Protein chains: 2
Amino acid sequence: MPKLTFFNLPEMKRNKLIRAAEAEFSRVPLSQASISNIVKAAEIPRGSFYQYFENKEDAYYFLLEEQWNKRQDKFIASLNKYNGDIFEAFKELFQLMLEEKKTEDGYNFLKNALLNVTHEIEDVFTRIFDEKQIDTNRLKEITPLINKECLNISGEDEFYHIIQIITSVTFRNLVEKYSRNMSKEEALENFIIEMNLLKKGLYK
Amino acid sequence: MPKLTFFNLPEMKRNKLIRAAEAEFSRVPLSQASISNIVKAAEIPRGSFYQYFENKEDAYYFLLEEQWNKRQDKFIASLNKYNGDIFEAFKELFQLMLEEKKTEDGYNFLKNALLNVTHEIEDVFTRIFDEKQIDTNRLKEITPLINKECLNISGEDEFYHIIQIITSVTFRNLVEKYSRNMSKEEALENFIIEMNLLKKGLYK
DNA sequence: TTGACACATGACATTGTGTCATTTAAAATA
DNA sequence: TATTTTAAATGACACAATGTCATGTGTCAA
């Protein structure tokens, strides 16, 4: 997390810094991003950056989580909207991710994140469902919303694995969309085919 | 690919360099690995490294592909062994990957690869199945081996997606094994649960 | 013997990181 | 208001890494 001094910053200065960091992380993936570029764009001295953040990663994950939290909320809203149909909720989340326009700031930020998913980055995306991360998952909110009637599960344990499966497939479809520069329509079509396969089972 | 001079190197010198590179890429993930460390361990001058490789990445992907090709061969052998049962073949591949001992050189190399899967790295692991990569996929070998009788598919198109699904789930199980430091047994158990869910379908 | 060529070498310019002693500003206290 | 204390800002610096390039070395064919 950023240090206290960051949050105490006057809004204008903080926003300028955030925009500068976003621009740098949109230009190149985390590992190639440079603090020097960020401070140059934000017009702050190098030492100040370290007054606000531990390091590059600290700034990056702050931005990534901020972006992602918004979508988590929308996902939970979708679950409500579709009476707990988890497939429909994932489909809506997937579509939401496709909406990002190439011209918008967020597009390249997201693209760089997805094409360079370290385990830590994937964690940010999936921790909402992660049994093991008690403090950041939102299973208590999600689980009761879900309509388990239509899911083909025997025990509570299997439910967790179902989420894991849907998540990995959704995630890979998203990565592929960006790596292959697919159109919205093409990406959605592939996604739906795979979701239907998941539903009906791969085996006779 | 490494340059010609690399392959012309006397075997001893080349092996020493390979071992040095492997050691460095086992120590830290690609983005943090340093050429300086490699040349120090290999006892070659810095300029020589650039005589042999384009850069760090060039050396890395050479080693990664070398390691992975061996396992691809074993995967195809498994497919034969189980009369084209793709689930059994994937299970054997998964088990093979679990066999890596913590003490062995390969363990940390693999771990660093899996916990920092950029799109390029994932490509190395999955290109054997990739329709779009005509020169490196091995679908011509694999497809005829597969027993499609027991697969729940309507068209040829769906077959490709089935592979995609199994691959993503297998891959994530592998990543999780390393990120959570799971035992061989625990990892295998989870993997089997998810493969069975895939077979029977997630939906009633 | 000489010239051509491939390869080897390490110093160098450049770019980046994280730290720290010092300065500046703001807030608390007398 | 004057003084002290605390927090924040600043940029020079030490260190590490990258990729290049001018120069050196050795081999082989003419």
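Every number here is computed from the coordinates shown, using simple stated rules; none is lab data. Keep in mind that what you see is a predicted model, and the values were worked out from it rather than measured. Cβ atoms come from the backbone with ideal geometry, glycine included; neighbour counts cover every protein chain shown.
What do you get for chymotrypsin sites (Phe, Trp or Tyr not before Pro) in the range B:55-84 restricted to DSSP loop and a cutoff of at most 14 other Cβ within 10 Å of the site's Cβ? Each step should come with its number before you reach the end.
Working: sites: B:60, B:61, B:62, B:68, B:75, B:82; in loops: B:82.
Passing both the DSSP loop test and the Cβ count: no residue.
What do you get for trypsin sites (Lys or Arg not before Pro) in the range A:119-182 restricted to DSSP loop and a cutoff of at most 10 other Cβ within 10 Å of the site's Cβ?
A:132
Cross-link list A:81/A:101; A:200/B:111; A:148/A:200: which exceed 22 angstrom alpha carbon to alpha carbon?
A:81/A:101; A:200/B:111
Which residue is it, in chain B, that holds its beta carbon closest to the axis of the B-onto-A rotation, and how many whole angstrom away?
Result for the axis mapping B onto A: B:201, 1.
Using unit Cβ charges (K, R positive; D, E negative) and no other charged atoms, how large, in debye to the nearest 20, is the dipole of the range A:63-200 about its Cα centre?
Working: 19 positive and 26 negative charges, 65 e Å.
Magnitude of the dipole: close to 300 debye.
Which loop-located GluC sites (Glu not before Pro) does the range A:34-142 contain, where loop means any DSSP state but H, G, I, E or B and the Cβ has at most 14 other Cβ atoms within 10 Å?
A:43, A:54, A:99, A:104, A:131
Summing Lys, Arg as +1 and Asp, Glu as -1, what charge do residues with Cβ under 14 Å from the Cβ of residue B:13 carry, residue B:13 excluded?
+1
Give me, ordered by chain and number, the residues 5 or more places off residue B:182 or on other chains with an amide H under 5 Å from its own placed amide H.
none
From the label point of residue B:189, set 7 Å from Cα along Cα→Cβ, how far away are the matching label points in the other copies, in nm, ordered shortest to longest?
Label-point separations across copies, in nm and ascending: 4.4.
Assume the label is 7 Å from Cα along Cα to beta carbon: what separations in nm does residue A:34 have to the matching positions in the other copies?
Copy-to-copy label distances at residue A:34, shortest first: 1.8 nm.
Other chains near A:161-167: what is the mean number of their Cβ atoms within 10 Å of each residue's Cβ? Intermediate values should be presented prior to the final figure.
On the way: counts 9, 5, 1, 8, 10, 1, 3.
The mean count of partner-chain Cβ atoms within 10 Å per residue comes to 5.
Show log10 I(q)/I(0) for the protein assembly as shown at q = 0.11, 0.12 Å⁻¹, two decimals, from a solvent-free Debye sum over equal Cα scatterers.
-0.93, -1.10
Residue A:54 label points, 7 Å along Cα→Cβ, one per copy: pairwise distances from this copy to the rest in nm, shortest first?
Those separations, rounded to one decimal, come out as 3.4 nm.
In the range A:56-124, if the dipole is taken from +1 on Lys/Arg beta carbons and -1 on Asp/Glu beta carbons about the Cα centre, which of A:113, A:64, A:80 is farthest to the positive end?
It is A:80, whose Cα lies furthest towards the positive end.
With axes computed from alpha carbons, what is the tilt in degrees of helix A:11-27 against the longest principal axis of chain A, rounded to the nearest 10 within 0 to 90?
Compared with the principal axis, the helix lies near 60 degrees.
Where a Cα-Cα gap under 15 Å defines reach, which aspartates and glutamates qualify for residue B:40, not counting those fewer than 8 residues away within the same chain?
In chain and number order, the partners are B:22, B:24.
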